[in-house]
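Structure record follows, encoded as structure tokens.
Derivation of every value follows stated rules applied to the coordinates shown; laboratory data play no part. Computed from a predicted structure; not experimentally measured. All Cβ positions, even for glycine, are placed from backbone atoms using ideal geometry, and neighbour counts span all protein chains on display.
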Amino acid sequence: MTTAVAAPFRFFALQVVRTRRLGGVDWIRPAPANGASLPTRAGSGACSCTAEEGDRAEPRQPTTTPQMRVPDPAPPAGSKRHPPSPSLTRVTFAGPDLRAFRSDGLDQSLSLFLPHPGQAEPAVPVELGEGWWQGWRELPEDVRAVMRSYTLRSLRRDTDGHTAEIDVDFVLHGLEPDSGIQAGPAARWAADAAPGDRVLLLGPAVADNRAIRFRPPEDTDLVVIWGDETAVPAACAIVEALPAGTRARVWLQVPHAEDVQDLRTAADAEITWLVGDAADGPEATLATLRAAQLPPAEHPYVWIAGESGCVKRLRRHFVGERGVDRRRVTFVGYWRRGLTEEQLREQG
């Protein structure tokens, strides 16, 4: 498929090659003998790595703190296997079109077009060229493809340097037991995705493009990151790619302890997993960050992504309360409480 949209973006026809539920740590330790339960509200771990100049440090496991559920090198007595994440599933896509896919960004935004149940492929009138958008909107709602925005989790290249596979992590809102909310079409599709399923992706054909937001200035001496479960894929990609010598303070919010992932990074990064639903409101998250002591820095850079209302509150905190230059704060609302993506799109 060679239909151009607006450079540097184009359509890519892809197929699912595999899926898997995510789950960050391998073992859950048993409760202490005195009957006290393990904390589940928050966990934190610090990864401190060093390397010789010009070398990348070998990533390490985060060091243990009393508040963290951590992997053990061998299962201790009474342990059990960690269940898979109830909230996150990874879908890997491939296809000949991907040879033209280009991205150097760590929070690369993409648009996925998914078929409705019973459709063999998503309905998008790509033959209309730059008129595809209007043509897509004019299709009946139960026919036109479901359009959703995601971030790239990772990509793999072939021996010629062309993109061979990409990973996209889906949040399974509404599919958890007793979630109390209705699952959307993208979550339902991801939960049932199987090898061979076809999708359409609108993504970059140029490595440096406007859908990349994480752009720390060259003089950055501290990277600060917060993201809810919708931003975890991008945040994890960023953290894993930070070079040795980079100081980073990271907060990642997920609904369940089983959603915690085992991150590896060469950076001097302190990573805190906050277990609790960010959709309940920003107050608890804001209180956690207000209480946090950041390392001293002259030129910090802040990246915040997730629910729009929470993101705005946290931006005001960093700019208004901590005095961070607003030009050094990147904030991205991936979703808004109470609204579907279609409703957000209608609002412009």
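Of note:
- Straightening the chain between Arg157 and Arg137 buys 3.8 nm, computed as 0.36 nm per residue apart minus the Cα-Cα spacing.
- Gain in span if fully extended, Ala284 to His299, counting 0.36 nm per residue against the direct Cα distance: 2.7 nm
- Long-range amide H partners of Arg157 with built H, under 5 Å: Ala164
- 3J(HN,Hα) from dihedral phi, the stretch 320-332, Karplus parametrisation 6.51/-1.76/1.60, rounded to Hz, x for glycine, proline: x, 9, 9, x, 6, 4, 4, 6, 10, 10, 9, 10, 9
- Volume per residue for the stretch 241-295 equals 79 cubic angstrom (convex hull of Cα atoms).
- Computed from phi, the 3J(HN,Hα) profile of the stretch 239-256 under the Karplus parametrisation 6.51, -1.76, 1.60 (θ = phi - 60°) reads 4, 5, 8, 4, x, 4, x, 7, 8, 9, 10, 10, 10, 10, 9, 9, x, 10 Hz, with x in place of Gly and Pro.
- Neighbour counts of C-beta atoms inside 10 Å place Glu270, Glu229, Glu130 in the sequence Glu130, Glu270, Glu229, starting with the fewest.
- Estimated FRET transfer efficiency when R0 is 45 angstrom, pair Arg21-Asp325 (beta carbons, to 0.05): 0.65
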